[in-house]
Amino acid sequence: MIRTSNLAFQYQKDSPLLTFPDVECPAQGQLLLLGASGCGKTSLLHLLCGMLQPTQGTVNINGRALDRMTEAERDAFRGQHIGIVFQKSHFLQSLTVLENLAMPAFLHGAAFDKREGLRLLEQLGIAHKANSRPRDLSVGEQQRAGIARALIHRPALVLADEPTSALDDGSTAAVMDLLETQATAAGATLVIVTHDQRLKDRFGNRLDLTAQPQPA
Amino acid sequence: MKLNWLYIAWRNVGLKKLQTALSLVLLAFGVGLVSLLMLSEKQLSDTFDRNIEDIDLVLGAKGSPLQLILANVYHVDAPTGNIRLADAEKVIRHPYIAEGIPLAYGDNYRGYRIVGSTDAYTAHYGGTLAEGRAFEASFEVVVGAKVAKVTGLKVGDEFFSAHGLQDETDVHTDKVFRVVGRLEPSGTVLDQLLHCTVSTIWEVHEGHGEAVAPEDREITAVLLKKRNPLAVLTIPNTIRETNMQVALPSIEINRLTQNFGIGMNTLQAIALLIMLISFASIFISVYDNLLARRYELALMRTMGGSRGRLFLLLLLEGGLLSTGGSLLGLVLSRLGLVALAQLVEDKFRYDWSNIGVMPEELVLVGLAIFVGLVAAAIPGISAVRIDTSRTLSEAQ
């Protein structure tokens with residue numbers, strides 16, 4: 001499902017080269033990428049979803065080589081096959097929560113099933129906020145709405161970037177449960193990038209980014 | 001439920017209500033003012049053109065030629081004086097002159113001029129009777145459409161005239177005018193006048209003990225149609241020794257509109273300035289929104305929105321603002337014209353009722369929408385160029 005090899009990335013010509021261990025995860029598997037702040041976690045996540053283009057190495061998602069696509073192809077591929085959960089959820093402030101859920105389908109030209117959207121919100125316990133503006137949601141509700149948006153278009157891969165760093169222990173457990181069960185229910189592969197040590201024991205399959213030797 | 005770009009743009013524009021309102025109001029005022037100027041200029045020149053149609057020369061007393069035209073063709077100024085009927089008839093009989101329509105006036109009814117002339121005057125402007133008949137005897141009056149509407153005069157009514165052209169203090173209570181007909185609206189000066197025979201005007205004043213011998217009879221002016229183009233050169237020579245002059249309506253009106261033009265140009269410059277400010281406002285509002293909405297745009301990129309489509313969204317938002325503002329401007333200019341028409345009608349007694357959209361205005365609106373799009377495109381380009389990855393990292 002995901003396979004990278006010899007991945008390295010450099011922001012600018014004179015900035016340091018970030019290298020990453022090879023990441024592998026089977027379809028419908030779940031993988032935790034753990035690392036301290038500043039080790040390039042977010043860069044890796046952006047490489048995995050094609051928002052960044054690697055300086056060297058390859059990224060394979062679902063048998064497609066992202067590093068060989070044009071930017072527009074990567075945009076389209078990401079829109080269709082990848083859902084992203086952000087640390088702090090961003091929404092289109094002018095649209096309602098439900099309309100924000102319709103956004104991924106709209107952007108890659110698919111039909112949006114309103115009942116499906118409401119069912120998902122129901123499962124996440126925020127169906128009553130379907131017609132609210134995103135800013136009227138609490139942080140926890142926003143995080144759940146963010147998860148709903150990442151899953152609504154049934155992507156093959158869900159990437160979560162620090163999904164729990166803003167949450168207390170109770171909410172962390174709840175959000176992780178939701179992420180795992182929803183990803184499983186949707187048949188999606190789940191990759192979580194975090195520095196949150198609380199998540200360490202939840203996942204058998206994890207990769208410690210800081211443990212890797214960094215070549216000079 | 002199906003989203004579309006127009007809906008998203010609409011909602012985005014609606015999110016910043018104050019900013020949107022400011023852009024709309026500014027653009028509406030700019031476009032409105034320019035279109036109002038265009039409209040009033042057109043109405044003015046239409047009115048002028050309708051009334052000088054086929055009048056080649058105006059014969060009247062010496063004085064300002066422009067005043068002669070304004071007084072006798074448009075009936076908005078005081079006449080330059082009177083001329084002797086006998087002198088005027090010599091000019092009318094000149095071989096280069098095809099036709100002469102005599103005009104005599106000096107009295108008013110509630111501010112509307114009572115003009116003595118012949119049937120040819122009404123016929124010249126294509127006036128037709130709405131009711132009653134044409135005047136035949138002295139003191140029989142055919143009222144113009146506008147006069148009838150305002151004063152309520154109808155066939156069979158009788159009234160006294162007042163001496164002078166405006167003032168109603170000196171009323172001739174000894175002579176009774178009788179309405180025998182009413183004209184259809186013609187959009188010309190006919191609408192604003194009360195029509196009677198030339199001799200009526202003489203008789204009103206004879207009654208004052210100013211008995212006038214037939215050879216001393218006077219009229220105010222003659223509207224002339226030429227038979228030969230040389231008339232324009234010849235006639236002034238033949239009347240050099242008299243108290244008369246001839247003026248060319250087309251030349252005098254050209255002079256007048258050129259003088260008007262300076263004021264018009266100033267107003268136009270101010271209107272363009274307002275439009276410019278409104279474009280700056282659209283620019284600032286799109287630009288300002290973009291700073292706040294960078295994350296939203298990055299987010300749409302992560303969900304598969306390409307740069308091109310996001311750019312189109314921003315253009316659509318600018319387009320909505322400039323289209324809305326322009327259309328609002330057209331509505332404003334019409335309201336302005338109606339208000340102005342009330343004002344001008346009282347003062348100059350002209351009716352401006354045609355307020356359809358002119359082709360020039362469509363060009364104006366097209367231009368405004370285009371510049372609005374450009375004002376949105378400039379910040380839009382830099383907005384869609386942003387590095388999605390970096391924007392999202394900074395947001396964390």
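The values are calculated or read from the model by the stated rules, or taken from the named source; none is laboratory data. Small disclaimer: the values here were computed from a predicted structure and weren't measured. When we count neighbours, we look across all protein chains shown, and the Cβ atoms used for this are built from the backbone with ideal geometry, even at glycine.
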Residues of the stretch B:58-100 being of a type in the set (Val, Ile, Thr), under 21 Å from B:Phe48 (Cα atoms) and surrounded by fewer than 20 Cβ atoms within 10 Å (Cβ to Cβ), in sequence order, are B:Val76
Of the residues in the stretch B:115-129, those that are within 20 Å of B:Ile52 (Cα to Cα) and part of a strand (DSSP E or B) come to B:Val115, B:Gly116, B:Ser117
Expected single match for among the aliphatic types (A, V, I, L, M) and in contact with a strand residue (DSSP E or B) (Cβ under 8 Å, 6 or more places away or on another chain) among B:Leu22, B:Leu85, B:Leu15, B:Leu33 is B:Leu85
Conditions (1) farther than 30 Å from B:Asp46 by Cβ; (2) under 30 Å from the mean Cα position of the chain (by Cα); (3) not charged (D, E, K, R) -> B:Tyr121 fails only (1)
Per the filter on the stretch B:131-147, residues of a type in the set (A, V, I, L, M) and either more than 31 Å from the chain's Cα centre (by Cα) or within 24 Å of B:Pro79 (Cβ to Cβ) (or both) are B:Ala137, B:Val141, B:Val142, B:Val143, B:Ala145, B:Val147
Contact list, first residue from the stretch A:79-94 and under 16 Å from B:Glu394 (Cα atoms), second anywhere and surrounded by fewer than 24 Cβ atoms within 10 Å (Cβ to Cβ) and among the hydroxyl-bearing types (Ser, Thr, Tyr), beta-carbon distance below 6 Å, six or more apart or interchain, is A:Gln87/A:Ser165; A:His90/B:Tyr295
| task | Taking B:Leu66 as the residue in question, decide whether it is outside the structural domain of B:Glu218 (by TED's automatic domain parsing) and either in a helix (DSSP H, G or I) or not basic (Lys, Arg) (or both). | result | no
Taking first residues from the stretch B:376-396 that are more than 10 Å from chain A (Cβ to nearest Cβ) and second residues anywhere that are part of a helix (DSSP H, G or I) and of a type in the set (Ser, Thr, Tyr), the pairs with Cβ under 6 Å that are 6 or more apart or on different chains are B:Pro379/B:Tyr287
If we keep only residues of the stretch A:120-140 that are away from chain B (no Cβ under 11 Å), part of a helix (DSSP H, G or I) and not aliphatic (A, V, I, L, M), then the residue surrounded by the most Cβ atoms within 10 Å (Cβ to Cβ) is A:Lys129
Among residues of the stretch A:103-119 being closer than 20 Å to B:Ala298 by Cβ and touching a residue at least 40 places away in the same chain (Cβ under 8 Å), the residue surrounded by the most Cβ atoms within 10 Å (Cβ to Cβ) is A:Pro104
The residue that is nearest to the other protein chains (Cβ to nearest Cβ), considering only those in the stretch B:280-292 that are farther than 20 Å from B:Ala368 by Cβ and among the aliphatic types (A, V, I, L, M), is B:Ala292
Those residues of the stretch B:293-337 which are among the aromatic types (Phe, Trp, Tyr) and more than 10 Å from every other protein chain (Cβ to nearest Cβ) amount to B:Phe311
Within the stretch B:273-323, the residues that are under 18 Å from A:Met103 (Cβ atoms), among the aromatic types (Phe, Trp, Tyr) and within 47 Å of the chain's Cα centre (by Cα) are B:Phe311
| Among the residues of the stretch B:198-208, is any in a loop (DSSP other than H, G, I, E, B) and buried (at least 18 other Cβ atoms within 10 Å of the Cβ)? | no
In the stretch B:343-396, anything of a type in the set (S, T, N, Q) and at pLDDT below 80 is listed as B:Ser353, B:Asn354, B:Ser393, B:Gln396
* When you look at A:Leu159, is it within 14 Å of another protein chain (Cβ to nearest Cβ), in contact (Cβ under 8 Å) with a residue 40 or more places away in the chain and either under 21 Å from A:Gly50 (Cα atoms) or in a helix (DSSP H, G or I) (or both), yes or no? -> yes
Counting only residues that are in contact (Cβ under 8 Å) with a residue 12 or more places away in the chain and part of a helix (DSSP H, G or I), the stretch B:211-233 contains a total of 4
Counting only residues in the stretch B:6-36 that are within 14 Å of another protein chain (Cβ to nearest Cβ) and not hydrophobic (A, V, I, L, M, F, W, C), the one surrounded by the fewest Cβ atoms within 10 Å (Cβ to Cβ) is identified as B:Lys17
Checking A:Thr42, A:Thr55 in turn, the sole residue that is closer than 25 Å to B:Asp387 by Cβ, within 14 Å of another protein chain (Cβ to nearest Cβ), among the β-branched types (Val, Ile, Thr) and under 16 Å from the mean Cα position of the chain (by Cα) turns out to be A:Thr42
Per the list (1) within 15 Å of the chain's Cα centre (by Cα); (2) modelled with pLDDT of 90 or more; (3) away from chain B (no Cβ under 14 Å), residue check on A:Gly146 breaks on (3)
Would you check if there is a residue in the stretch A:184-193 being at positive phi and not hydrophobic (A, V, I, L, M, F, W, C)?
yes
Among residues of the stretch A:176-197 being assigned to a strand (DSSP E or B) and of a type in the set (Val, Ile, Thr), the residue surrounded by the fewest Cβ atoms within 10 Å (Cβ to Cβ) is A:Thr194
Subset of the stretch A:1-22, residues assigned to a loop (DSSP other than H, G, I, E, B) and over 16 Å from the mean Cα position of the chain (by Cα), comes to A:Gln10, A:Tyr11, A:Gln12, A:Lys13, A:Asp14, A:Ser15, A:Pro16, A:Leu17, A:Phe20, A:Pro21, A:Asp22
State whether the residues of the stretch B:19-31 include one that is of a type in the set (Gly, Ala, Ser), modelled with pLDDT under 90 and touching a Ser or Thr at 6+ places or on another chain (Cβ under 6 Å). yes
Filtering the stretch A:75-111 down to residues that are under 26 Å from A:Ile2 (Cβ atoms), hydrophobic (A, V, I, L, M, F, W, C) and at the interface with another protein chain (Cβ under 9 Å from one of its Cβ atoms) yields A:Ala76, A:Phe77, A:Ile82, A:Ile84, A:Phe86, A:Met103, A:Ala105, A:Leu107
